[in-house]
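The values are calculated or read from the model by the stated rules, or taken from the named source; none is laboratory data. Note that the structure is predicted; figures quoted are calculated from it, not measured. Virtual Cβ from ideal backbone geometry, glycine too; neighbours counted across all protein chains shown. Remember, those area values only see protein heavy atoms, side chains included, never the ligands or the DNA or RNA. Shrake-Rupley method; radii C 1.70, N 1.55, O 1.52, S 1.80 Å.
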Amino acid sequence: MPKGFGDKLVIAISSRALFNLDASHQVYVKDGLAAYAQYQIDHEDEILAPGDAFPMVKKLLRLNERLGGEPRVEVILLSRNSADTGLRVFNSIEHYGLKISRAAFCGGTSPYRYASAFGCHLFLSTEAEDVKQALDHGMAAATLIASNSQIENEDELRFAFDGDAVLFSDEAERVFKTQGLSAFTESEKASAKEPLSGGPFKQFLSALHGLQAEFGESCPIRTALVTARSAPAHERVIRTLRAWNIRIDESLFLGGLSKGTFLKAANTPVSEPFGGLMKLQQLRYIWEVAHHDLNVSATAQSLYTSQPGISKQIRLLEDELGVEIFSRSGKHLTRITPAGEAILKTAGEILRKVESIKQVAQEFSNERKGTLTLATTHTQARYALPPVIGSFIKQYPEVSLHMHQGTPMQISEMAADGTVDFAIATEAMELFSDLIMMPCYRWNRSIVVPKNHPLAQVANLTLEEVAKYPIVTYVFGFTGRSKLDEAFINRGLAPKVVFTAADADVIKTYVRLGLGVGIIASMAYSDTADSDLVALDASHLFESSVTKIGFRRGTFLRGFMYDFIEKFAPHLTKDIINEAFNRHSRAELDELFEDIEIPTR
């Protein structure tokens, strides 16, 4: 503890938790740091409204008045503001008569690191990332649940603590995670008389207990332990608190029941680490785990975070919701529960809306910088997109462009679930009602054969002539394959397809080996690269196919996204795309493009 603090209870509070800074924060989001700083200076004589932590801070400081003598509680302000812009915060502190004299203004960086330097028992913030960083460095930290009138009008301070990995160390929880519930129960029975080591919140609870002792029976502070443990694992907890010489007012051993309901009943203003209320981070974790085949380790690597951290957050979310999202066998996730399926569907929608909000903010902050993600087939990526992408990157050098290749079904799914911004394909997109699909160009096929092949000598190519030979073409569901099959079926022909591939270059390779005649998209033939083959026009044999670009309904399109679409399909202007947004059915979309000429390649 720093000199001068003695045995005080020291709590650090963020400026956004203490005061409502939403208006100025919107200035920062929309116009940047310089505009935000000027806004704060221009309004520094305007008093800020109380924030979520304000009622609790008032009650904490009132403890000093009730005890008299030397102050026993110290509140320290930690802020991302600079000292210059922070003048408004101190003016507001003075206005409300809050006895806060120490502060750290960090000029836009996270202030959590100073909580430890000040010797704080607890760091409170509305910024989840600041709380996470503090916890990662062994500092007791928590987010805040919004105040309500009942809490504000009471004189009582209530604090509820989780047990393992919060009040106690994670030694017991590690047994549960690695070996399962039965091993955990047996381990705790065997160690019932061995006190647990302290977790990040032990010192805070100890300081609270010291204040409670000074008040005696009239103490306005009440503490509660809310843990998923049940008998017989409760004994070790009780004996640990005795060994620490700490009294807890209320102890709830829930045996796996949802903690959220009990925390609300306890009416506590401070949440568990990272918040007792649902967080976007938790929704992202369950979404990513579900899309990494329930592999938490792989998910952690992809998100650059820790496996235990993800597991902890999923458990916290399940505790709050009162249902399991994933079924488990020991430490492994085995499947998504029925409730989990419904939750994940809604979580995906929420995350997509959040991404749209970010896109809106980025458009206003820097309209020429961002990320564009495409999903398409090999044929489009290899033959149709290179000149478009080359021109786009030259115009937007600060836009990071990513391309995923897959089957048309995979491509459509990635667009429908928000994994990518745009899907470009010929097949399968009509199966997804959430996609707005717009026609880009028409194309047809060529028959490719070696120069000495009999078909190369046929003057009037027919389907009957083609059907006489083994055929090498696209896998079903790829690159307009459905039109090819329809043409043969309509003529009562059953061609012998001996080899299929997703890649036109692979198809041409096996034509060269004499496996059969190839049927490929005409754009995939090059007079120079494929000079050893003959391309026979087959546009009179097969109905043309239309390549489309699709994106999820409700997607916010940034300026460079409109430009990319128009580069790929010049008839898809911004006005046409916006009109497509306003069409609510497939029939209405088709009507929009009835009188628009679609180019042919």
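Structure data summary
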read-out: Scope region 74-89; condition farther than 19 Å from CYS120 by Cβ and of a type outside the set (Val, Ile, Thr); matching residues; value: SER82, ALA83, ASP84, LEU87, ARG88
read-out: Given (1) touching a helix residue (DSSP H, G or I) at 6+ places or on another chain (Cβ under 8 Å); (2) without any contact (Cβ under 8 Å) to a residue 40 or more places away in the chain; (3) open to solvent by less than 60 Å² (accessible area, probe 1.4 Å); (4) within 19 Å of THR426 (Cα to Cα), index of the condition HIS571 fails; value: (1)
read-out: In region 522-556, the residues that are open to solvent by less than 10 Å² (accessible area, probe 1.4 Å) and either touching a strand residue (DSSP E or B) at 6+ places or on another chain (Cβ under 6 Å) or not in a helix (DSSP H, G or I) (or both); value: ASP530, LEU533, ALA538, PHE542, SER545, THR547, ILE549, GLY550, PHE551
read-out: Restricting region 399-408 to residues that are of a type in the set (A, V, I, L, M, F, W, C) and free of Cβ contacts under 8 Å to residues at least 40 places away in the same chain, the residue that is least open to solvent (accessible area, probe 1.4 Å); value: LEU401
read-out: Residue that is under 17 Å from ASN20 (Cα atoms), of a type outside the set (A, V, I, L, M) and at pLDDT 85 or above, where the choices are ASN81, ASN91; value: ASN91
read-out: Candidate set: region 154-197, residues that are among the aliphatic types (A, V, I, L, M) and part of a loop (DSSP other than H, G, I, E, B); chosen: the one farthest from THR227 (Cα to Cα); value: ALA192
read-out: Residue within region 70-87 that is part of a helix (DSSP H, G or I) and not hydrophobic (A, V, I, L, M, F, W, C) present; value: no
read-out: Any chance ILE411 is buried (at least 22 other Cβ atoms within 10 Å of the Cβ) and without any contact (Cβ under 8 Å) to a residue 40 or more places away in the chain; value: yes
read-out: Tally of residues being farther than 16 Å from THR376 by Cβ, in contact with a Leu (Cβ under 8 Å, 6 or more places away or on another chain) and buried (at least 20 other Cβ atoms within 10 Å of the Cβ) across region 450-476; value: 3
read-out: Subset of region 186-226 (residues that are aliphatic (A, V, I, L, M), open to solvent by 70 Å² or more (accessible area, probe 1.4 Å) and closer than 23 Å to LEU254 by Cα); value: ALA190
read-out: Residue check, TYR441 open to solvent by less than 10 Å² (accessible area, probe 1.4 Å) and modelled with pLDDT under 90; value: no
read-out: Inter-residue pairs, beta-carbon under 7 Å, first hydroxyl-bearing (Ser, Thr, Tyr) and in region 168-184, second surrounded by fewer than 16 Cβ atoms within 10 Å (Cβ to Cβ), 6+ apart; value: SER169/SER197; SER169/GLY198; THR178/LYS331
read-out: Residue in region 486-507 that is touching a Gly at 6+ places or on another chain (Cβ under 9 Å), within 22 Å of GLN405 (Cα to Cα) and not hydrophobic (A, V, I, L, M, F, W, C) present; value: no
read-out: Members of region 289-321 found to be more than 21 Å from VAL131 (Cβ to Cβ), open to solvent by less than 50 Å² (accessible area, probe 1.4 Å) and not in a helix (DSSP H, G or I), listed by number; value: LEU294
read-out: So ALA428, is it open to solvent by 10 Å² or more (accessible area, probe 1.4 Å), at pLDDT below 90, of a type in the set (A, V, I, L, M, F, W, C) and within 30 Å of LEU536 (Cβ to Cβ); value: yes
read-out: Of all residues in region 99-120 being under 21 Å from LEU63 (Cα atoms) and in contact with a Leu (Cβ under 6 Å, 6 or more places away or on another chain), the one that is modelled with the lowest pLDDT; value: ALA103
read-out: Selected residue [of a type outside the set (Gly, Ala, Ser), under 18 Å from ARG552 (Cα atoms), at pLDDT 85 or above and in a helix (DSSP H, G or I)] from LEU351, LEU344; value: LEU344
read-out: Residue in region 227-240 that is open to solvent by 70 Å² or more (accessible area, probe 1.4 Å), of a type in the set (D, E, K, R) and at pLDDT 80 or above present; value: yes
read-out: Residues (within 24 Å of GLN307 (Cβ to Cβ) and open to solvent by 50 Å² or more (accessible area, probe 1.4 Å)) located in region 151-185; value: ASP170, GLU171, ARG174, PHE176, LYS177, THR178, GLN179, LEU181, SER182
read-out: Residue satisfying all of: in region 322-336; among the aliphatic types (A, V, I, L, M) and assigned to a loop (DSSP other than H, G, I, E, B); farthest from the chain's Cα centre (by Cα) among these; value: VAL323
read-out: Looking only at region 7-26, and only at residues there that are open to solvent by less than 30 Å² (accessible area, probe 1.4 Å) and of a type in the set (A, V, I, L, M), the one that is modelled with the lowest pLDDT; value: LEU21
read-out: All positions within region 68-88 that are in contact with a strand residue (DSSP E or B) (Cβ under 6 Å, 6 or more places away or on another chain), touching a residue at least 40 places away in the same chain (Cβ under 8 Å) and among the hydrophobic types (A, V, I, L, M, F, W, C); value: VAL73, VAL75, ILE76, LEU77, LEU78
